[in-house]
Amino acid sequence: MIRLSLIVPVYNVERYVERCIRSLEQQDIPREDYEIIVVDDGSQDRSISLVEQLCREFSNLVLVHKPNGGLSSARNFGIPHARGKYIWFVDSDDYVESRVLKDLLDQADALDLDLLAFNYCDIWPDKSPAGFNPSRQPVGKVISGETYIRDYPVGISAWFFLVRRELLTRHAVRFTEGIIHEDYEFTLHLYKYVRRMTFRDVRVYNYFHREGSITTTRGYQQVLKSIRSWQKIVEIESARYTSDSSYDQAARQWVDTHKFFSINRLFFGRIPLSLKQEEYRRLCRLGAFRIGRTHLNLERRLRCRLLCCPWFYTTFMRCFTSTQA
């Protein structure tokens, strides 16, 4: 049985994709034990040509194609192609440490885990690498997803963990397509079904911050997409976590945290005032300003109080606008 399926969406990353794939091949388990599924999301540069060359070199590398639809769409497309017991989503401009898979998979199997999270490092082109502080993660403890979202700072990114494939398929957990910040909604949904998880304090993943990536691209249209993505996340989550179950009660605290992200993004987003007023009215209809307990730090809690005052919000959001139409 294949132990692990790595799903790697690729779109116009010719400078980085070979580094990513070679890092996934420099591991300490037989290649027949894992597969690397590269999802071509309609890439228009030399990325796929490079992957095709690598396919001739590595027997466990699989290339599948689809029209361009964005990161969420590419990840979703890869899931039904996966055959591994566990799935790991890896971004094609990032890379992983060598010889880490055996330790991770052995622990996941030994502890019968649904999800295994691990440490990572932020890599910047012009800054020193910054490690992640694991002190507030469940190191050495096996807990449920419910306990995790209630008692710990939640790991948001989809590359932060290996997850049992069966959880994604049985509960139809998928990424919302057409938005950014999708990992916030995806992970909160996923943790609902996790019965056994832990955190391994080993540097495994290297998250590369580059200009032109989804998270660093700036500009009027990207700002507007970010604003509307947060609105969509709030809309989905507000409808999803409505029961009196203990998980839904814990999840609502994260939903209110995401509400803050949505109103904060609009407040400081530099878009034309007329659009800003329109998006403000939509946030009001979504109930985004009705915020209870959150997981915000003190500075953000204070800011949240101010932003939830209608007169303050509508008066001072005018200071952060754009004349670009």
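What follows is calculated from the coordinates using simple rules that are stated; it is not laboratory data. Computed from a prediction, not measured in an experiment: that's the story for all the values here. For neighbour counting, all protein chains shown are included, and Cβ atoms are generated from backbone atoms with ideal geometry for every residue, glycine included.
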* Asked: Which listed residue (VAL10, SER59, LEU266) has the Cα farthest towards the positive end of the charge dipole for the chain, taking +1 on Lys and Arg C-beta and -1 on Asp and Glu C-beta about the Cα centre?
  -> LEU266
* Asked: Using the 10 angstrom Cβ neighbour count as an exposure proxy, how do LYS141, LYS225 rank, fewest first?
  -> LYS141, LYS225
* Structure fact -> Residues of region 1-18 with backbone N under 15 Å of the label point set 7 Å from the Cα of GLU57 along Cα→Cβ are 14-18
* Spin-label point model (7 Å from Cα, Cβ direction): what's the LEU306 to ARG19 distance in nm? -> 3.9
* **Additional length obtainable on full extension of the chain from GLN277 to THR315, 0.36 nm per residue less Cα span** => 12.6 nm
* **Charge dipole (the chain, unit charges on Cβ, about Cα centre) - positive-most of VAL234, ILE21, TYR86** => VAL234
* Structure fact -> Checked against a 26 Å limit on the C-alpha separation, the offending pairs among LYS232/LYS276; LYS66/LYS127; LYS85/LYS141; LYS192/LYS259; LYS127/LYS259; LYS102/LYS127 are LYS66/LYS127; LYS127/LYS259; LYS102/LYS127
* Let me know the charge dipole size of the chain about its Cα centre in debye, to the nearest 20, where only the beta-carbon of Lys, Arg (+1) and Asp, Glu (-1) is charged. => 1420
* If you take the beta carbon distance between GLU32 and THR169 as r and set R0 to 25 Å, what does 1/(1 + (r/R0)^6) give as a FRET efficiency, to the nearest 0.05? -> 0.65
* Asked: Of the beta bridges DSSP finds with both residues in the chain, what % are antiparallel, to the nearest 5?
  -> 25
* Compute the length gained on full extension between VAL142 and HIS209: take 0.36 nm times their separation in residues and subtract their Cα-Cα distance, giving the result in nm to one decimal. => 21.0 nm
* To do: Give me the angle, in degrees from 0 to 90, between the Cα long axis of helix 101-110 and the longest principal axis of the Cα atoms of the chain, rounded to the nearest 10.
  => 80
* **Linear extension gain, ARG285 paired with ASP122, 0.36 nm per residue minus alpha-carbon span** => 55.0 nm
* To do: Taking the Cα centre of region 163-212 as origin, work out the dipole magnitude from +1 charges on Lys and Arg Cβ and -1 charges on Asp and Glu Cβ, in debye rounded to 20.
  => 440
* Among VAL194, PHE208, LEU306, whose Cα lies farthest out toward the positive end of the dipole of the chain, if unit charges sit on the beta carbon of Lys, Arg (+1) and Asp, Glu (-1)? -> LEU306
